[in-house]
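For reference, the structure discussed in these notes is given below.
The values are calculated or read from the model by the stated rules, or taken from the named source; none is laboratory data. Only a predicted model underlies this, so the values are computations on that prediction, with no experimental measurement involved. Don't worry about glycine lacking a Cβ; one is built from the backbone with ideal geometry, like all the others, and counts go over all protein chains shown. Surface accessibility is based on the protein's heavy atoms, side chains included, excluding ligands, DNA and RNA. Shrake-Rupley method; radii C 1.70, N 1.55, O 1.52, S 1.80 Å.
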Amino acid sequence: MKVGQPLKRRLFDALTMLLVSGLSLTLLIYVGFGEAQRTFEQFYLEKIQAQGSVIRGTMETFLRAGLPMKQYAGFNTTVEPVLRSDDSIAEIAAFDRTGQTVFSSRDSGLPLFTEVWRSSLEDGARFEIRRNRDYYQVVLPFRNKFEVVGHLAISLPQSVIAERVRKSFEPLVWVGLSLSAIFAVFVSLAGPGLRARRLPWLQTAFAMTFLTMAVFVIGSLVSLYSEGVQAKTKALADTLGHRLSDIVAFNLNIREIDGLDRVLGEYQLLNPDISAAGLTIDGRVEIHTDEGLIGKSWVTQASTYEYVVDLTPPGDPRNIRVAVALPSDIVFSRIVRSVKNFAALFVASAFLAGLFLQIAGSMRRPAPRLAGDAGGKEDDLLLDLVKPVFFVAVFLEHLNYAFLPQFMHEVTDRVGLSAGFASIPFMTFYLCFALALIPSGHYAQRFGARPLMYVGLLLAGLGLFMLNFSQADLVLATLARGLSGIGQGMLFIGVQSYILATAAPGRKTQGAAIIVLGFQGGMISGMAIGSLLVSYTGPEGMFTLSGGIALALALYALLAVPARSARPAQERNGGTLKELTQHLSLALRNSDFLRTMILIGIPAKAVLTGVIIFALPLLLAKQGYREEDIGQIIMIYAAAVVLSSSYVSRLVDRIGRTHEILFWGATICGAGLALIAFLDWQPPGAAANSALPTTVLILGVAIVGIAHGFINAPVVTHVAESTLARQLGASTLTATYRFLERVGHIAGPIIISQLFLLGGQEAKLMLWVAGAITLFGLIFLMRTPSVELESGERETA
């Protein structure tokens, strides 16, 4: 037995590490695959559009003469070069204005699709990308001198792009499996020897495994993106060459033709990715988008993708060429976006991996069947078992926060209501959360914490899953959010009760840290992963995934968490309803408590739910930010809270003076909100795509997070050390405070939605919020003597 036990433990470690690293690397590969699919798809369809422009240009010459499309005699001859050069095209067809087929390259019977997926211009005049379940269709309008008379449609199977991306990523699956196996074997064999050195060897090994996989993924993206850019460059050069070919064919003097420089300029304007385009004769530049290069020799730049088309007519002694160049920065910018997403994913994976490792460490050692049978290290093991319950519950809720406000706005639009009604589901969630706390606390005292955990998870997951059916039903969406709020409230009390019942008296603070770190870590991980996955799964896929995770976690709570508490909690969650009413009455008649609650606690929670969770996604979506950008910006808030809290909590323990700390928290929060208000601002003379507003926004969000680090923990200490706390008890008063501050959660979305209703969905309205928060901080700073009501003293006595 003594010989077999270490072997079993090593095998358990190896399987655990294989699972943890495998899940993390699989998620990385999946996100990379989605990035590749989206970007390569864009390059490929833009290439098809450039090829279609050649056909459209030829046919519009005929149509602008006032002739009907059906009399055009050379359709097959016109499209044959494009079909010959790209065998991925299924069909090229011309349709009249009613959508009836006039010409078709192949008798495939594909109609003109009606679902417009993307459009390149606001009026749709340049080209659209439409699709059905199996095909993409690049649609370009035919115009005569006066109006649109039909459309050119180039269809290609979606499987063409998907197969190319799949071939690029297929080897990465084997790389991921190999790296996971190497990591698992390393931990199993080298772990026992490295544990004694007290170095972060496990975290370092996991980081190296993740980063190695990321390098392989980035290498595949660079190769794939380069191929896409080169194909696009070739198509653009062919298109430009076709436009100039008639001039060259008639052997005209290029220098005597006026307006060719405008042709190149307009072509660059229509294709902004082009860095340079020019026409050369015998190697000398005759026409160029950069007038300073005319008359010089054409020089190929190492920093561009370049394609040259030979336009020299047969027998012409001149060497006439047209060249188009695209900057290699196109690939670099796409790679930077992918690296940014991978960095966010790494942070989320690190939280999840650390959680799984703690669970594995707890499960490989026997634990008491009942909470309360343990002490010391056994308490730590039991606390480790409950960590994933709260962490993952917060995680699955925040999986949807990067897009949930936009989703609710779309629901209100479909039912014909104003945007102000979009806040109702958010208000309902937080209201139901607060209302569930009191009955859940009583239930936990009588029957234990475990039922609250798995039933709460089932309700939270069911509420999220119900959102799949609420796209045009605001009532159902509100009911679904209310159900999730009840479930999350039950779960919160269940976890808190379990911690109080399990942790030894000297470990209560460490137990409470599970809730603090679990919330912030779950928020960071959920926002990071959810904002990345929604681009590929859609909101409905995320709701289904969240519901599935909740069901799996409920089973975990049922099987892994002790059935009941054998050690009753010494600090109850609120006592009887009569006692709670008495405590509320005393608290609400204490001026110091009210000042702290109204001026600091409630506003801080209102900013969290109203600005960070509700308003910010809407404002960013309006500015054209992608879901992953929205999620990562909100991640910055949570990360700033974690970092700030770790420093400020130690500072408060050392110097006290919570009154001044809370004032600075409110003041700093106001400054951060003021910076967020400049999201719509564009500095004079700045480029349209200037990064300055985004930089200011990120700084503002980070400052708000830092400010809330000055408030979240110190405000509890401030309340617990007040005169009233000495009368009622610190735990009783802090529980009362935690209950009352939920008013801020509920009020935040309501206040912001009303501001949007009155002033429009504008970031500058955050200046009003910033001013109010700063004013509250100043009023709070003006300390007044504590007023202890005699009636309160008598009741306490």
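Please specify each residue of the range 302-341 satisfying the condition of being under 37 Å from the mean Cα position of the chain (by Cα), of a type outside the set (A, V, I, L, M, F, W, C) and not in a strand (DSSP E or B).
Ser303, Ser328, Asp329, Ser333, Arg334, Arg337, Ser338, Lys340, Asn341
Taking into account only those residues within the range 136-166 that are more than 28 Å from the chain's Cα centre (by Cα) and of a type in the set (Phe, Trp, Tyr), which is most open to solvent (accessible area, probe 1.4 Å)?
Phe146
Let me confirm something: among Thr26, Thr39, Thr58, Thr77, which residue is assigned to a helix (DSSP H, G or I), touching a Phe, Trp or Tyr at 6+ places or on another chain (Cβ under 7 Å), on the phi < 0 side of the Ramachandran plot and not aromatic (Phe, Trp, Tyr)?
It is Thr39.
When the range 81-117 is examined, which residues are found to be open to solvent by 70 Å² or more (accessible area, probe 1.4 Å) and free of Cβ contacts under 8 Å to residues at least 12 places away in the same chain?
Across the range 81-117, the qualifying residues are Arg84, Asp87, Thr98, Gln100, Thr101, Asp107.
For the range 527-618, list the helices (runs of 4 or more DSSP H) that sit wholly inside it and hold at least 1 residues that are modelled with pLDDT under 85, of a type in the set (Lys, Arg) and surrounded by 23 or more Cβ atoms within 10 Å (Cβ to Cβ); which are they?
none
Using the structure shown, decide if Pro714 is part of a helix (DSSP H, G or I) and within 15 Å of Thr596 (Cβ to Cβ).
So Pro714 passes the test.
Residues Leu244, Leu264, Leu252, Leu345: which one is under 30 Å from Val394 (Cα atoms) and at pLDDT below 85?
After applying the criteria, what remains is Leu345.
Please report, ordered by residue number, the helices (runs of 4 or more DSSP H) entirely within the range 404-479 with at least 1 residues that are free of Cβ contacts under 8 Å to residues at least 60 places away in the same chain, among the hydrophobic types (A, V, I, L, M, F, W, C) and open to solvent by 20 Å² or more (accessible area, probe 1.4 Å).
Answer list for the range 404-479: 424-447, 450-466.
Among the numbered conditions (1) open to solvent by 10 Å² or more (accessible area, probe 1.4 Å); (2) at pLDDT below 90; (3) within 20 Å of the chain's Cα centre (by Cα), tell me where Gln682 comes up short.
Status for Gln682: all satisfied but (3).
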